[in-house]
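Following this message is one structure expressed as structure tokens.
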């Protein structure tokens, strides 16, 4: 009996170890991303925005793609992370690494505290709770003007990263590289998490929470854990955003931030971790192109894209794009990887 | 004190009419329609434009503010919404956010970004004094109209054949279909009425919030969702109580403790969801 179960354990371990290996296509993806930053220093600000949005969408993928929880309030953590880093910097503690850690921790703590709210009720209740929490925090930031600067926001300056590389308006390429390194490290961590027994348990919860519980998985704690991690990721994204733009404002808590993150993830495809990053790149480039042509009405086209995406079927549309793209642009074939 | 209570009740009534359609699609038909506010915007624009361009009297524009969104609602329901009745909540959220994102630039493109005002007739402006309590005429009008709508809806749902068919279709669409109820038609009509009511609510609300502008669909979205969440999915009465509670709390909170402002209603909603995820005024244990 114990021999049989340890044989099963060995097989599962071997399976996970196999999936943990980085594929060639993934390595190409990251090298290409790095190359893009180095090749277009003049577009560093835009690339930095994409990288940070990608991290934010990745944080949503952790709960939506891995655990199947729909949230409309991820902006709460983005805002908390950004404000934590900004307040720290405005108190003359401008070290970016410190700010990043504090932002992620603060958001993670908030995620841990609010996660139990997700355990009750169905999808709709979750949507409302997450939305409600982000609205409350936005209002809180608005009212605590002594700390957050209220509607005026905060202005502050940052020290160089690790004391060597200045970021901000004078060092936008450094900023993009800094964000990129953070994204890569956090991505590798998320990737490892997904290919772990914990990741498998989350997949079980996503497919059928009742059955996962019957199998002896502590579903409540797993959901709290992944929500906390996801919140910390969003907090890190917020901290990066605050540090590299050196400004924070109340709009970080806005509903549209959460909605945009969700859109990016959906455009790129949820569940395989690369979707958020690819979606962020497509979304922001698309926005840049459309708003250059029609500044006021670019939302319309994003809306149309969404409606079309849902009506055609998200999976089907992605498959079509993938099979076409693989012919002309091999990098895109990696989107199905991992 | 009583004036504030009355203002709160009026605001709650307004929220009820805005949200009643949502409470049916969301609470009964289990469809998350974040684009509900867009129908309210259409209603508001219909009233504002009819008064501005054609000089129509306020009361005459109200039926139009109901009809135009209702027709739009039935067209959209037949062509788009019905495909998503069985879809996952995520798909419904994405689809309806997409519709909102499209509706706002369309309004901006056609009608411009500035707010369109609804000018109230003389007999509705100003206030009157009842037993020493100052009451705005327009708020009294809102309470009357919305109260009548609430009563009519409740009677309609509980007493009429259509109401019984709707409840049956919602409980179990397949069985209802098997019993010879035309579920498709019932849902379409219900959706249209809900959209029409949102439009009427938008027209009535236009004066209270300072005109209709392209951001209108999002302005009331959160409040409407809170009403439905607090009220629970138990039909009209839950939504009515939820709306009244929210209206009174919001107005009183903003008056007495302005420093925490909008915090109260969000707090109430989150607290409600913790204690009773199925809503305060809902029987059973929800889904």
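How high is the relative contact order of segment B:114-260? Use alpha-carbon pairs under 8 Å, at least six apart in sequence, and give a whole percent.
Relative contact order here is 22 percent.
Take peptide A:67-74, look around each residue's Cβ out to 10 angstrom, count Cβ atoms belonging to other protein chains, and average those counts.
Taking the mean over all residues of the peptide, I get 2.
A further question on this structure: For chain B, what is the calculated [θ] at 222 nm in deg cm²/dmol (nearest 500), taking -39500 (n - 2.57) for each run of four or more DSSP H residues and dividing by its residue count?
So the helix-based figure for chain B works out to -23500 deg cm²/dmol.
Assuming a ≥ b ≥ c are the square roots of the Cα gyration tensor eigenvalues, decide whether segment B:2-214 counts as rounded (a/c under 1.5), prolate (otherwise, with a/b larger than b/c) or oblate.
oblate
Averaging sequence separations of C-alpha pairs under 8 Å and six or more residues apart, then dividing by the length of segment A:256-309, give the relative contact order as a whole percent.
Worked out over segment A:256-309, it gives 24 percent.
Can you compute the modelled spin-label distance between residue A:189 and residue A:14, with each label point 7 Å from Cα toward Cβ, in nm?
Here the answer is 3.2 nm between the modelled labels.
Shifting gears a bit: Could you tell me the relative contact order of segment A:24-336? Use alpha-carbon pairs under 8 Å, at least six residues apart, and round to a whole percent.
It comes to 33 percent, rounded to a whole number.
In nm, to one decimal, how far is the residue A:98 label point from the residue B:255 one, both placed 7 Å along Cα→Cβ?
Reported label-point gap for residue A:98 and residue B:255 is 4.9 nm.
Same structure again: Rounded, prolate or oblate, given the Cα gyration tensor of segment A:24-336, with a/c below 1.5 counting as rounded?
Cα axes put segment A:24-336 in the rounded bin.
Separation of segment B:95-152 and segment A:294-311 by C-alpha centroid, Å?
If we compute the Cα centre of each part, the gap is 29 Å.
Still on this structure, please answer the following. When the gyration tensor of the protein assembly as shown is built from Cα positions, what are the square roots of 5 times its three eigenvalues, in whole Å, from largest to smallest?
Here the semi-axes work out to 43, 29, 24 Å.
Could I have the simple spin-label model distance between residue B:159 and residue A:312, label points 7 Å from Cα toward Cβ, reported in nm to one decimal?
The two pseudo-label positions are separated by 5.1 nm.
Rounded if a/c is under 1.5, else prolate if a/b beats b/c, else oblate: with a ≥ b ≥ c from the C-alpha gyration tensor eigenvalues square-rooted, which is segment A:21-140?
oblate
Can you put A:134, A:42 in order, fewest other beta carbons within 10 Å first?
Going from sparsest to densest Cβ surroundings: A:42, A:134.
No lab work stands behind these numbers, since they all come straight from the coordinates. Every value quoted in this text rests on a predicted model; they were computed, and no experiment measured them. Reconstructed Cβ throughout: ideal geometry from the backbone, glycine too, with neighbour counts over all protein chains shown.
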